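Data first, discussion second: the structure below is written as structure tokens.
The values are calculated or read from the model by the stated rules, or taken from the named source; none is laboratory data. Worth saying up front: this structure is predicted, and the values here are computed from it rather than measured. Positions of Cβ are generated from backbone atoms using ideal geometry, with glycine treated the same way; all protein chains shown enter the neighbour counts. Calculation scope for accessible area: heavy atoms of the full protein, side chains included, ligands and nucleic acids excluded. Shrake-Rupley method; radii C 1.70, N 1.55, O 1.52, S 1.80 Å.
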Amino acid sequence: MKRRTLAGCLLLFAAIPAVNAAVYRSVDANGNPVFTDQPQPESSRINVAPPDVVDVDAKSSQPQKKALDPAEPQQAFIPYTQLAIVSPRNEATIPTGAAGDVQVELAITPQLAPGDKVRLRVDGQVSQSALRTSAFFISGMNRGEHTLRVELLDSTGHVRQQSDPVTIYVQRASQNMPANPRSSSSAP
């Protein structure tokens with residue numbers, strides 16, 4: 001408790017802008033330190049160093065990071081010659097036995113440049129985060145028609161290129177098809 005009080009008081013007095021002001025320390029009847037600017041009986045004067053002040057208008061002697069100049073030309077993006085979904089093929093049907101699990105394989109030529117990544121969109125929504133990969137796995141897609149598309153992102157996260165969309169049709173087990181191999185009610 002005493003240390004907290006002492007530390008708090010010292011911080012308080014360090015924040016006071018008065019330079020060369022006298023600070024006196026004494027101890028009260030309970031043994032707690034007391035700090036004041038008025039001398040008390042049996043108090044001792046404490047020399048408090050002036051606080052460090054930083055002039056915010058002064059230029060720092062440390063090197064500054066160079067700000068991006070919008071007028072300065074950035075390295076031109078060179079499109080990939082091939083960015084495509086090669087599996088599943090357009091208008092493919094994912095059978096009921098797959099339970100909506102789909103592996104998406106990509107063709108990217110040339111190989112991904114350092115910093116470039118690809119991400120997968122399903123029905124316009126981001127399904128897989130941007131990764132340095134040539135394959136994605138989608139688990140448990142709902143029954144019906146879905147559109148897949150891959151986007152290529154540069155090192156700043158901007159979309160630079162997109163694949164052509166691929167439409168797939170997913171079949172799923174239902175209670176109306178009890179003979180389905182993935183259905184739990186088809187057990188003998």
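General observations
- Order of exposure, largest accessible area first, which applies to Ile108, Ile78 with probe 1.4 Å: Ile78, Ile108
- Extension gain, Val27 back to Thr147 (0.36 nm per residue minus Cα-Cα distance, nm): 35.4 nm
- Residue-by-residue Karplus 3J(HN,Hα) for the range 131-140, coefficients 6.51, -1.76, 1.60, Hz, glycine and proline x: 9, 9, 8, 10, 8, 10, 10, 10, 9, x
- Length gained on full extension, Ala84 to Thr36: 9.7 nm, using 0.36 nm per residue less the C-alpha separation.
- Residues whose amide H comes within less than 5 Å of that of Arg160, counting only those at least five positions distant or on another chain, are Leu152, Leu153, Asp154 (H built at 1.01 Å from N in the peptide plane).
- Per-residue Karplus couplings for the range 37-51, computed as 6.51 cos²θ - 1.76 cosθ + 1.60 with θ equal to phi - 60°, are listed in order as 9, 10, x, 10, x, 6, 9, 10, 7, 10, 8, 9, 5, x, x Hz, Gly and Pro entered as x.
- Computed E for Ala130/Ser174 - FRET, C-beta separation, R0 35 angstrom, nearest 0.05: 0.50
- Per-residue 3J(HN,Hα) values for the range 82-95, derived from phi via the Karplus relation 6.51 cos²θ - 1.76 cosθ + 1.60 with θ = phi - 60°, read 9, 9, 8, 8, 9, 8, x, 6, 4, 6, 6, 10, 8, x Hz in sequence order (x marks Gly and Pro).
- Computing FRET efficiency as 1/(1 + (r/R0)^6) for Asp164 and Thr109, where r is the C-beta to C-beta distance and R0 is 22 Å, gives about 0.90.
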